[in-house]
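Please treat every number below as a calculation from the coordinates, not as lab data. This structure is a prediction, so every number in the text was calculated from the model and none was measured. Every residue, glycine among them, receives a Cβ derived from its backbone with ideal geometry; neighbour counts consider all protein chains shown.
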Amino acid sequence: MKKATLLIAAIAVASLFPAARSFAAGDTKAGNITISAPWARATFAKAKTAAAYMTLNNSGDKADTLIGVKSAIAQKTGIHRTTMENGIMKMGAVGSIEVPAGGMAMLKPGGHHVMFMGLVQPLKEGANFPLTLVFAKASEVTVTVQILKPGAMGGAAMRHQH
Amino acid sequence: MQRRWLILGLIAVLAVSAAATWNLVHTVKKASTPPPVAIGGPFNLVDHNAGPVTDADFRGRYLLVFFGYTYCPDVCPKAMQTIGVALDQLGKDAAKIRPLFISVDPERDTPEVLKSFVKNFHPSLTGLTGSPRQVQAAAKAYRVYYGKVKEDGGAKDEYLMNHSAGLYLMGADGKFITMFSHNTTPEDLAAKIRKYL
C-alpha cells in the first residue's frame, strides 16, 4: 500500500516535470517579453571577449525592441551580429534587435549575440553572471546568464524547443 | 571642312568602341576558362609553443585548416568545437589528421594566447601565428581574406576582424582536397572526412 502511494506520487511528480522545466531554467519575464535560458560559453584563461545568447518571446500585440545591454563583466557590452557574405565572416555592432508582436527573436551562435569586450575575468564553466537588458517598451530587466562549456553549441533554450 | 572633322570624329569613336567590344569579348572568353587556382602552399609560422613551423613539418598527415582569431567569441569557438567533436567521432582515424587554427590577428594572438585558446577544444589542435608578414603570406597561399574592423571611439587594440571562414582539408602531401563550410555539423564533417582518408 505504501509502495503504491509512493509510485503514484512519483508519477505525479514526473508528469509535472516537463511543465516545470519550461518555466525553470532561467526564464525571466519583463512585461510582454519572456527571456529564455540565457547562456554564454566559458572562455579560455586569456580571453578578452565573450558572447551571450538567449531567446526573446513577445506575447504582446505590439513589437518591442531590445535597445541596450549592460553588464559588469566587461569594459564594453553591446548588441552584435555575425553575418556571412561570400564566405567572409563579418561581425559588428547593431543598435537593436526587434522582437515582433506575438513572435520571437533568437540570439544564437552565428547570428545576433550580446558581445562582451574587455572581459574583467574569464568566464568559468558552471558559474553565472547578471546581464541587464533594456527594452523600448518592456521594463529594464536583469537576467542570469549560465556559463556552459567552452565549445557549447546551444543552451538550455535549444532543449526547450519541442 | 567641319564635315570632314565630324566624319573623322565618328570614325575615331567607332574605332574606340570596336576595340572596347573586342576587349570585352576577349576578357569574357578568358574568364570562362579560369586557370586552376591552387589553395594552400608553403608557410612559415610560429606554433602555440612559440616554436617555428612550416607546412613541411606536417607532411604525412591530413590537415584541417581554419583561419580565425581568438578575440572572436561567436563563430570561431563553434568551428573549433565542430572540429573537436568530428575528430572524436573519427576515432582512431583522427590520428591521421592535424587540425590547425591559423590566427589572422597576429598582433593580439601571441603563442601564449593561442595556447590558452586551443587547449579548450582538442588535444591535437595546433594554434599558429607569426609576424604580420608571415600570417599574410599563409593567408595568401590559402586565398583567405582578412581585415581589421574598428569600432568608433574604440581603443587602438580594440577591433574585430572580417575573415574567410572556410575549413580546408589538405592531403598528406600538402595538396588541397576540399573545403567545408564553418557551419557544417560535426557528424557531417566526420562523415565527409572519412571518405577521403
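Spacing of the modelled spin labels on A:Ala63 and B:Ser131, each 7 Å from Cα toward Cβ, amounts to 5.2 nm. Only residues of region A:84-116 count here: report those whose backbone N is under 14 Å from the spot 7 Å along Cα→Cβ of A:Thr28, or say none. Only A:114 pass the distance filter. Annotation: amide H of B:Glu151 within the under-5 Å range of B:Leu160, sequence separation 5 or more or interchain, hydrogens built in the peptide plane. Using amide H atoms built 1.01 Å from N in the peptide plane, name the residues 5+ places from B:Phe176, or on other chains, whose amide H lies under 5 Å from its own. For B:Phe176, whose amide H was placed from the backbone, the distant partners under 5 Å are B:Ile39, B:Gly171.
Histogrammed with a bin width of 10 Å, the alpha carbon distances of region A:71-144 distribute as 16, 44, 32, 8 percent, first bin at zero. If you wrap the tightest convex hull around every Cα atom of region A:57-108 and split its volume per residue, you get 108 Å³.
The aspartates and glutamates whose alpha-carbon is closer than 20 Å to the alpha-carbon of B:Lys175, local same-chain residues fewer than 8 away aside, are B:Asp55, B:Asp57, B:Asp93.
Expressed as a whole percent, the proportion of Cα-Cα pairs in region B:44-196 lying more than 20 Å apart is 45%. log10 I(q)/I(0), Debye, Cα-only region A:29-153, no solvent, q = 0.12, 0.21 Å⁻¹? With no solvent term, the Cα-only Debye profile gives -0.43, -1.22.
Backbone amide hydrogens, once placed in the peptide plane, bring A:Ala74 within less than 5 Å of A:Val120, excluding anything fewer than 5 places away on its chain.
Averaged over the residues of peptide A:81-94, the number of Cβ atoms from other protein chains lying within 10 Å of each residue's Cβ is 6. Averaged over the residues of peptide B:78-85, the number of Cβ atoms from other protein chains lying within 10 Å of each residue's Cβ is 4. The count of lysine pairs in region A:29-153 with alpha-carbon distances below 18 Å, taking only pairs 8 or more places apart or on different chains, stands at 15. Positive contributions from Lys and Arg (+1) and negative ones from Asp and Glu (-1), summed over other residues with Cβ under 10 Å from the Cβ of B:Ile193, come out at +2. Based on the Kirkwood radius over alpha-carbon pairs, what value in µm²/s does the Stokes-Einstein equation return for the translational diffusion coefficient of region B:124-197 at 10 °C and 1.306 mPa s? So the translational diffusion coefficient is about 106 µm²/s.
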